[in-house]
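Scroll down for the structure; my scribbles are underneath it.
The values are calculated or read from the model by the stated rules, or taken from the named source; none is laboratory data. The model shown is predicted, which means the values in this text are computed figures rather than measured ones. Cβ: placed from backbone, ideal geometry, glycine included. Neighbour counts: every protein chain shown. Side chains are part of the model used for accessible areas, which takes the heavy atoms of the whole protein and leaves out ligands, DNA and RNA. Shrake-Rupley method; radii C 1.70, N 1.55, O 1.52, S 1.80 Å.
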Amino acid sequence: MSAPAHPGATTRGVVYRDLLEQFRSAEILSAELDARLLMAAATQVDEVALIADPDQLVEVRHLDVLRGYVRRRLSGEPVSRILGHREFWGLPFSLNRATLDPRADSETLVEAVLAHVTGRNASLQILDLGTGTGCLLLALLSELPNAHGRGIDCSADAVEAAAGNALRLGLADRATFSVGDWGDGLEGPFDLLVSNPPYIPSADIAGLSKEVRAHDPMAALDGGDDGLTAYRHIARDTQRLLGPDGAAYWELGIGQSEDVSGIASDAGLEVCGLHADLGGVPRVLGVKRRI
Ligand SMILES: C[S@@+](CC[C@H](N)C(=O)[O-])C[C@H]1O[C@@H](n2cnc3c(N)ncnc32)[C@H](O)[C@@H]1O
């Protein structure tokens, strides 16, 4: 951010326009949103107040914080990483270096599960394999007041982040998190199994945008040679851990629905639904045990 000639006299409106110009010049697609979020965080006021009162002066110490944020954003760091949190399913989730930044597309999985559940008050046991921030499991628990859940991740730091999120969201009494290799060592039955595994083929990682490649953890992205390694493990876990009337929902990468359906079928599972995200991409596969 350019240094104002009279820092004490810089208003919110001037700072916002300056930010917008910088972000647009850097071809940041979400320039307006990013400028608002970073300004709100740096000045410690909410976004509505920022817009409602553009003539309010911005304190010098807040400008200093904002300059640091802007430098990081212009170097390609996503806003959620700079601020350390991301909204998912209308809930705030803290991130750390070991967690994927939750994606809006993954809300398709939450919607698919909720459409499947008959009766929101049912007492359900939910397993989330590769829980990251815990966003899938905790979003579901926030909608299903009598459900309990278990979240597994190979990263101890991700497990710590998920447990912290459960605590802040008031869901810790119904959610437990532990380190594990997918479903190894777990005992079922679970009524619902959800998973958003790493599904990018290893060779494609280098071609991802810098925002993803440099800031999301490799364990959350790399799906092995064909991108499908994790599904093979999770399919076996699903067959073993799902109750007879249970259902599992797995997030898919673009173009993976046929291959993953084949993996499910080979593991003795039956495909019971394919759900598209808002962009029309088949994003979530529903499976159950073959009777
Ligand atoms: C694509 S991220 C999904 C995170 C979160 N569920 C979400 O939707 O935002 C995949 C997660 O699987 C975890 N993971 C990778 N390999 C694993 C393994 N062998 N066992 C358990 N978790 C694993 C990663 O650490 C990462 O948190």
message: Take the residues in segment 121-168 that are more than 12 Å from the ligand (Cβ to nearest atom) and in contact with a Phe, Trp or Tyr (Cβ under 6 Å, 6 or more places away or on another chain); name whichever of them is most open to solvent (accessible area, probe 1.4 Å).
response: Gln125
message: Among the residues of segment 47-75, what is the count of those that are outside any helix (DSSP H, G or I), surrounded by fewer than 16 Cβ atoms within 10 Å (Cβ to Cβ) and either touching an Asp or Glu at 6+ places or on another chain (Cβ under 8 Å) or touching a residue at least 12 places away in the same chain (Cβ under 8 Å) (or both)?
response: 6
Flag for Ser195 being within 13 Å of the ligand (Cβ to nearest atom) and among the polar types (S, T, N, Q): yes
- prompt: Would it be correct to say that Glu251 is at pLDDT 95 or above and surrounded by fewer than 16 Cβ atoms within 10 Å (Cβ to Cβ)?
  reply: no
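From the list Thr108, Thr133, Thr118, which residue is free of Cβ contacts under 8 Å to residues at least 40 places away in the same chain and assigned by TED's automatic domain parsing to the domain that holds Gly223?
Thr118
Residue-by-condition table, conditions (1) outside the structural domain of Val194 (by TED's automatic domain parsing); (2) out of contact with any strand residue (DSSP E or B) (no Cβ under 8 Å at 6 or more places or on another chain); (3) farther than 14 Å from Leu129 by Cβ:
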| site | (1), (2), (3) |
| --- | --- |
| Ile234 | no, no, no |
| Gln239 | no, no, no |
| Trp250 | no, no, no |
| Ile254 | no, yes, yes |
| Ser261 | no, no, yes |
| His275 | no, no, yes |
| Val281 | no, yes, yes |
message: Here is a list: Leu37, Leu20, Leu100, Leu33. Which entry is open to solvent by less than 50 Å² (accessible area, probe 1.4 Å) and under 30 Å from Ser195 (Cα atoms)?
response: Leu100
query: Any idea which residue in segment 94-109 is farthest from the chain's Cα centre (by Cα), counting only those that are near the ligand (Cβ under 9 Å from one of its atoms) and assigned to a helix (DSSP H, G or I)?
result: Leu109
